[in-house]
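Beneath this line is the structure, given in C-alpha cells, with notes to follow.
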Amino acid sequence: GVMNVNVRSGLRFGVVLLAVTVGSMAGARAEESEAKAGQPHFRARDIKDSYGFSCSGVVVASGVLPVGPAALVGQVTCDGIATCSGTSMASFNGNIFPPLELTGTYTVNSNGTGFITYDLTIGGQPAGQLPTYFVITDKGRGIKGLPTTSGFAITCDLKAQ
C-alpha cells in the first residue's frame, strides 16, 4: 500500500512540473513574439543622441512672435536621462531671427510618446517656454514633435545625425 501512494504522488508531481514548465515556456514565447510584433517599450535612454531637426508650419497667434509662416532648422542633443539642448535658426513670417538656443527637460512613456518643455533664448534674451508633445520613431533614430502652444500650428521632424 505504502509503495503505491509514493509512486502515484511522484507521478502526479512529475505531471504538474511538466505542465508548469510547458506553461512558462509558452509564456516566454508569447512575450518574445509580442516584442517582435513591434509592441514598443521605450525609455528616456532611447533618445540619447544628437539630432538634426526642421520645423515648419504657421504661427496663427502669438504675443511674442510674428504671425505667419514659420520655419526652423537646427541641432539638438539629448542625454538619455532627461535633458535636450541645442541651437536653431528660425524664420517667422519671413523674418530671420538671431540664433535660438533651447534647453528642455523631457519624459518618455513606454509607448514612445513623450513631452518636453524647452526654455528658449533668442539672441541671448529669454523668449519663454515651448512645451512640445513628441513621438519616437525608427527605434529612437527619429522624433516627430508638435509644439503645444496655443496659436502655433507647427510640426518638427528630428533625425539622428
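No value in this document is a laboratory result; all are computed from the given coordinates. Because the structure is predicted, anything quoted here is derived from the model rather than measured. Virtual Cβ from ideal backbone geometry, glycine too; neighbours counted across all protein chains shown.
Points to keep in mind about this one:
- Using a simple spin-label model with pseudo-atoms 7 Å out from Cα toward Cβ, residue 161 and residue 87 lie 1.1 nm apart.
- A simple count of charges around residue 87, restricted to other residues whose Cβ falls under 14 Å of its Cβ and scoring Lys, Arg +1 and Asp, Glu -1, yields -2.
- Fully extending the segment from residue 137 to residue 103, taken as 0.36 nm per residue of separation minus the present Cα-Cα distance, adds 10.1 nm.
- Estimated vicinal HN-Hα couplings, Hz - region 124-133 in sequence order (Karplus 6.51, -1.76, 1.60; Gly, Pro = x): x, 9, x, 10, x, 10, 10, x, 9, 8
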